[in-house]
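Novice: Submitted below is the structure of interest, expressed as C-alpha cells.
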Amino acid sequence: MVGSTSAKSSGSGVISRLLPPAIRLWLHTQVEHVEELVFRIEGRDHQILSGHIPEVLLSAQKAVYQGVHLSQVAVKASGIHINLGQVIRRKPLRLLSPFPVSGNVYLTTADLNHSLQSPLLGEGLYSFLQLLAQSQPEAADLQAILNRFPNRTVLPHYAPTARIGPDHITLKLIPGEGQTLPPIAIATQLGIQDGHRLCLKEPRWLTEPDTATTTPLPALHGFEIDLGSEVILTECAIQTDQLSLAGSIRVMPGIEDSEGVKE
C-alpha cells in the first residue's frame with residue numbers, strides 16, 4: 001500500500017508526465033506499505049531520454065520492506081538504467097542493471113517489535129537461540145526444545161518483544177500460550193562487522209527478565225546477523241527509542257525486470 005506521494009522531475013514534459021508515476025508504481029511493487037513518499041528525479045533530458053536516471057532523492061515515512069518496519073527513510077539512488085522506451089508506451093518500469101542506494105533508515109521500538117513478527121527476523125532469532133542454548137547454563141534445556149521447532153523459526157512458540165535505548169537493545173522472548181518453555185531476556189549493544197553484518201557487543205543475560213540483574217554472555221559476543229553481501233553499513237547508533245542505520249544497498253533487477261526489456 002502506498003500512502004500520499006509527491007514527485008518532481010527535472011526532465012522534459014513527456015518525462016515529467018510519465019516517469020514519476022512509473023517510478024511510484026514500481027516502488028509500490030517493492031514495499032508492503034509506505035506513507036508520505038516523496039522523491040525527486042535529477043538529470044538532464046538527454047540522459048533521461050536514453051534511459052539513464054543519474055539520481056533519485058527519496059524520503060518516506062512508515063515503510064515496510066520484507067516485513068521490516070522503518071519509521072523514516074532518507075536515501076539517494078544513482079546510476080539507474082530503465083526501459084524508458086517501454087515506459088513511454090505505458091509499459092511497466094523495469095530495471096536494466098543493478099544500482100546503489102545510500103542513506104539512512106530509522107527504527108523505533110514499535111518498529112522493531114512489529115519487525116520481530118516477520119519470517120526474516122524469526123529465522124535470525126532461531127539461530128541466536130541455538131547459540132544461546134549451547135553457551136548459557138540457564139538455557140541448557142532449550143536445545144532439545146529448539147530441535148522440535150519446525151521451519152527454523154521461534155514463532156509462534158515464543159512472543160518476542162524488544163526495547164531500544166538509550167545505548168543498548170533489550171530483547172525478551174516470552175513463551176506462547178500453552179508452551180512450556182523458559183523465558184529468555186538479554187540486553188546487548190550492536191556493532192558492524194565487514195559492512196554487511198550486525199553483531200552483538202557485550203551481551204548480557206537478564207537473570208530475572210523484569211530486573212536489572214545481569215550475567216555476561218561472552219560466548220554470544222560477536223554473534224552476527226548477516227544482512228547480505230549487497231549491503232554495506234557505515235553507521236549503527238542506538239539512542240532512546242531509536243535505532244539508526246546508515247550505509248548503502250545494491251538493488252538488483254528481479255527476474256521479471258530482466259524479461260521483456262527490448263525496445
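The values are calculated or read from the model by the stated rules, or taken from the named source; none is laboratory data. None of these values were measured; they are calculated from a predicted model. Note that each Cβ is placed from the backbone with ideal geometry, even for glycine, and that neighbours are counted across all protein chains shown. Calculation scope for accessible area: heavy atoms of the full protein, side chains included, ligands and nucleic acids excluded. Shrake-Rupley method; radii C 1.70, N 1.55, O 1.52, S 1.80 Å.
Novice: What number of residues within segment 218-249 are over 13 Å from residue 199 (Cβ atoms) and either within 13 Å of the chain's Cα centre (by Cα) or surrounded by 19 or more Cβ atoms within 10 Å (Cβ to Cβ) (or both)?
Specialist: Qualifying residue count, segment 218-249: 11.
Novice: All but one of (1) open to solvent by 50 Å² or more (accessible area, probe 1.4 Å); (2) within 17 Å of residue 15 (Cα to Cα) hold for residue 106; which doesn't?
Specialist: Failed condition: (2).
Novice: Here's a follow-up. Among residues belonging to segment 222-251 that are at pLDDT below 90 and hydrophobic (A, V, I, L, M, F, W, C), point out the one that is farthest from residue 201 (Cα to Cα).
Specialist: For segment 222-251, the residue satisfying everything is 227.
Novice: Here's something else I'd like to know. Within segment 42-54, track down each residue that is surrounded by fewer than 18 Cβ atoms within 10 Å (Cβ to Cβ) and over 20 Å from residue 254 (Cα atoms).
Specialist: Hits for segment 42-54 are 42, 44, 45, 46, 47, 49, 50, 54.
Novice: Okay, moving on. Could you list all residues from segment 46-59 that are within 15 Å of residue 20 (Cβ to Cβ) and not aliphatic (A, V, I, L, M)?
Specialist: Residues satisfying the conditions are 55, 59.
Novice: Same structure, new question: Could you tell me whether segment 80-103 includes any residue that is in contact with a Pro (Cβ under 9 Å, 6 or more places away or on another chain), on the phi > 0 side of the Ramachandran plot and either in a strand (DSSP E or B) or in contact (Cβ under 8 Å) with a residue 12 or more places away in the chain (or both)?
Specialist: no
Novice: Restricting attention to segment 169-200, which residues are under 20 Å from the mean Cα position of the chain (by Cα) and open to solvent by 50 Å² or more (accessible area, probe 1.4 Å)?
Specialist: So in segment 169-200, the residues under 20 Å from the mean Cα position of the chain (by Cα) come out as 169-171, 188-200.
Matches in segment 169-200: 189, 192, 193, 194, 197.
Novice: Do you know which of the residues in segment 3-30 that are open to solvent by 40 Å² or more (accessible area, probe 1.4 Å) and within 22 Å of residue 118 (Cα to Cα) is modelled with the lowest pLDDT?
Specialist: Restricting to residues being open to solvent by 40 Å² or more (accessible area, probe 1.4 Å) and within 22 Å of residue 118 (Cα to Cα), the top hit is 28.
Novice: Of the conditions (1) out of contact with any strand residue (DSSP E or B) (no Cβ under 7 Å at 6 or more places or on another chain); (2) open to solvent by less than 30 Å² (accessible area, probe 1.4 Å); (3) not hydroxyl-bearing (Ser, Thr, Tyr), residue 39 fails just one. Which one is it?
Specialist: Every listed condition holds for residue 39 apart from (1).
Novice: Any idea which residue in segment 44-79 is nearest to the chain's Cα centre (by Cα), counting only those that are assigned to a strand (DSSP E or B) and basic (Lys, Arg)?
Specialist: Across segment 44-79, the extreme among qualifying residues is 62.
Novice: Can you tell me which residue is nearest to residue 197 (Cα to Cα) among those in segment 119-132 that are of a type in the set (Gly, Ala, Ser) and surrounded by 18 or more Cβ atoms within 10 Å (Cβ to Cβ)? It would help to see each step written out before you state the result.
Specialist: Here is the first cut: in segment 119-132, the residues of a type in the set (Gly, Ala, Ser) are 122, 124, 127.
With surrounded by 18 or more Cβ atoms within 10 Å (Cβ to Cβ) added as a condition, the list becomes 122, 124.
Values: 122: 17, 124: 12 Å.
Among those residues, the one meeting the criterion is 124.
Novice: Give all pairs with beta carbons closer than 9 Å in which a residue from segment 107-121 that is more than 16 Å from residue 190 (Cα to Cα) and part of a loop (DSSP other than H, G, I, E, B) meets a residue that is open to solvent by less than 10 Å² (accessible area, probe 1.4 Å) and not acidic (Asp, Glu); count only pairs at least 6 apart in sequence or on separate chains.
Specialist: Taking only residues 6 or more apart or on different chains, the pairs are 116/122; 116/160; 117/160.
Novice: Using the structure shown, decide if residue 127 is within 25 Å of residue 167 (Cα to Cα), hydroxyl-bearing (Ser, Thr, Tyr) and without any contact (Cβ under 8 Å) to a residue 40 or more places away in the chain.
Specialist: Against the criterion (within 25 Å of residue 167 (Cα to Cα), hydroxyl-bearing (Ser, Thr, Tyr) and without any contact (Cβ under 8 Å) to a residue 40 or more places away in the chain), residue 127 qualifies.
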